[in-house]
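Okay, structure first, notes after.
The values are calculated or read from the model by the stated rules, or taken from the named source; none is laboratory data. Remember, it's a predicted structure, so these values are computed and weren't measured experimentally. Don't worry about glycine lacking a Cβ; one is built from the backbone with ideal geometry, like all the others, and counts go over all protein chains shown. For the accessible areas, the whole protein counts, side chains as well, though only heavy atoms, and no ligand, DNA or RNA atoms are used. Shrake-Rupley method; radii C 1.70, N 1.55, O 1.52, S 1.80 Å.
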Amino acid sequence: MANSLISCEVDFETDGKQAGFLRVPHSVHRSAYGWIPVPVVSIRNGDGPVVLMMSGNHGDEYEGQIALSRLARDLMPEDLRGQVIFLTMANQPAAEAGLRCSPIDDGNLNRSFPGDPAGTPTQMIAHYIEDVLLPRCDYLIDLHSGGGSLFYPATLLRGQGWTDQEGQTLRDLQDAFDLPHAWVFQGGGGPNSTARTAMGAANRKRVVPIMAELGGAGSVTPSILAMTERGLPRILHSLGMLPDYVPDAQRGTRELYAAGSVFAYDSGLFEPLKDISDPVEQDETVGHIHDPSTPLRGSVAVKSPYAGIVMAKRPMAQVKRGDAVFQIGIDVQKK
């Protein structure tokens with residue numbers, strides 16, 4: 001299978017619901033012939049679209065892991081037309097440890113594509129996804145959050161489409177997921193993509209990809225989890241895969257471009273002056289950094305180089321120089 005050393009306990013050609021593991025070879029002192037168990041579920045009912053749904057790409061992002069696990073339990077083959085493949089803990093060592101990157105090789109899976117079939121465990125997983133799983137698929141849904149260091153509102157991320165047809169498909173998927181916000185990428189994509197992300201891998205394989213940022217701060221937000229669980233069957237229905245599902249009314253999505261991030265240039269404790277969706281002016285003070293070890297020293301103002309609205313914010317008070325504290329977006333219609 002594309003020279004991969006990973007073996008799979010699931011037969012993707014078989015109808016029904018199957019669960020097992022991708023066995024990632026990992027020889028260590030305690031287990032000379034051991035393997036890392038990456039959970040995989042296949043639910044298939046005849047011909048139709050094939051969708052890869054993935055979470056745990058970063059291990060400290062939880063809403064997606066819960067939502068996909070629940071959907072994998074609840075979805076029955078007889079309700080489906082086509083196939084859904086689930087990777088609920090795509091970078092299993094990172095997800096098990098609750099870390100962004102793998103504790104085994106410090107690998108950030110979403111910066112490791114196209115991977116290496118004979119590389120580190122994270123590189124092997126990236127290669128398997130790009131060269132074994134994605135060529136089977138028509139669509140990729142990659143669920144993220146801000147992890148431990150950021151918090152996002154429920155936000156879909158998409159490109160503008162390599163072709164007019166793909167652009168329309170991406171807008172249809174956005175409408176189906178029906179999250180409050182959408183971050184629309186302004187460039188890149190297509191089969192010549194050099195991005196080292198899962199979306200880049202999908203583009204290279206001509207698979208239509210969407211991603212989502214769903215909360216963060218190392219926790220689970222009930223309202224965002226509910227939006228996620230509402231949106232996933234809506235997506236499958238929009239693709240003709242859940243013919244008997246009846247979606248509720250669309251709520252609408254605010255489209256944004258990313259203007260850029262606001263960074264800390266000092267270390268200390270960050271006091272934010274803005275919250276999610278708050279308006280921001282260029283050069284406006286959006287926070288202060290305090291140094292309690294020198295209490296009589298004044299705080300340092302953090303200014304935004306961009307005008308727009310807050311797309312994401314840092315929930316952690318401790319900051320060091322180079323940490324992103326806000327991400328600023330611009331409404332698409334204002335661009």
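Here ARG136 fulfils each of the conditions (1) under 17 Å from GLY56 (Cα atoms); (2) out of contact with any helix residue (DSSP H, G or I) (no Cβ under 9 Å at 6 or more places or on another chain) apart from (1).
Whether a residue is open to solvent by less than 50 Å² (accessible area, probe 1.4 Å), touching a strand residue (DSSP E or B) at 6+ places or on another chain (Cβ under 8 Å) and part of a helix (DSSP H, G or I) was assessed, and LEU52 does not pass this test.
Can you work out which of the residues in segment 251-275 that are of a type in the set (A, V, I, L, M, F, W, C) and surrounded by 16 or more Cβ atoms within 10 Å (Cβ to Cβ) is nearest to GLY187 (Cα to Cα)? The selected residue is ALA258.
Residues in segment 72-101 that are more than 16 Å from the chain's Cα centre (by Cα), farther than 17 Å from PHE12 by Cα and not charged (D, E, K, R): PRO93, ALA97.
For segment 198-212, enumerate the residues that are over 15 Å from LEU173 (Cα atoms) and either among the acidic types (Asp, Glu) or within 11 Å of the chain's Cα centre (by Cα) (or both).
Correct list: ALA198 only.
Taken over segment 225-246, residues that are open to solvent by 50 Å² or more (accessible area, probe 1.4 Å) and either in a loop (DSSP other than H, G, I, E, B) or acidic (Asp, Glu) (or both) amount to 5.
Residues of segment 208-224 being aliphatic (A, V, I, L, M) and not in a helix (DSSP H, G or I), which ones?
Listed by number, the residues that qualify are VAL208, ILE210, MET211, ALA212, LEU214, ALA217, VAL220.
In summary, LEU269 fulfils each of the numbered conditions (1) over 21 Å from ALA67 (Cβ atoms); (2) assigned to a loop (DSSP other than H, G, I, E, B) with the single exception of condition (2). Here ILE125, ILE85, ILE129, ILE104 are screened, and the one residue that is under 16 Å from ASP60 (Cα atoms), among the β-branched types (Val, Ile, Thr) and in contact (Cβ under 8 Å) with a residue 60 or more places away in the chain is ILE104. The condition (being in a loop (DSSP other than H, G, I, E, B), within 23 Å of THR155 (Cβ to Cβ) and out of contact with any Ser or Thr (no Cβ under 7 Å at 6 or more places or on another chain)) is satisfied by just one residue among ASN57, ASN3: ASN57.
Annotation note: of SER149, SER193, SER102, the sole residue that is over 23 Å from LEU214 (Cβ atoms), among the small types (Gly, Ala, Ser) and in a loop (DSSP other than H, G, I, E, B) is SER193. Of all residues in segment 1-32, those that are open to solvent by 80 Å² or more (accessible area, probe 1.4 Å) and at pLDDT below 95 total 5. Could you identify the single residue in SER112, SER102 that is among the hydroxyl-bearing types (Ser, Thr, Tyr), in contact with a helix residue (DSSP H, G or I) (Cβ under 8 Å, 6 or more places away or on another chain), within 19 Å of LEU52 (Cβ to Cβ) and buried (at least 18 other Cβ atoms within 10 Å of the Cβ)? Only one candidate qualifies: SER112.
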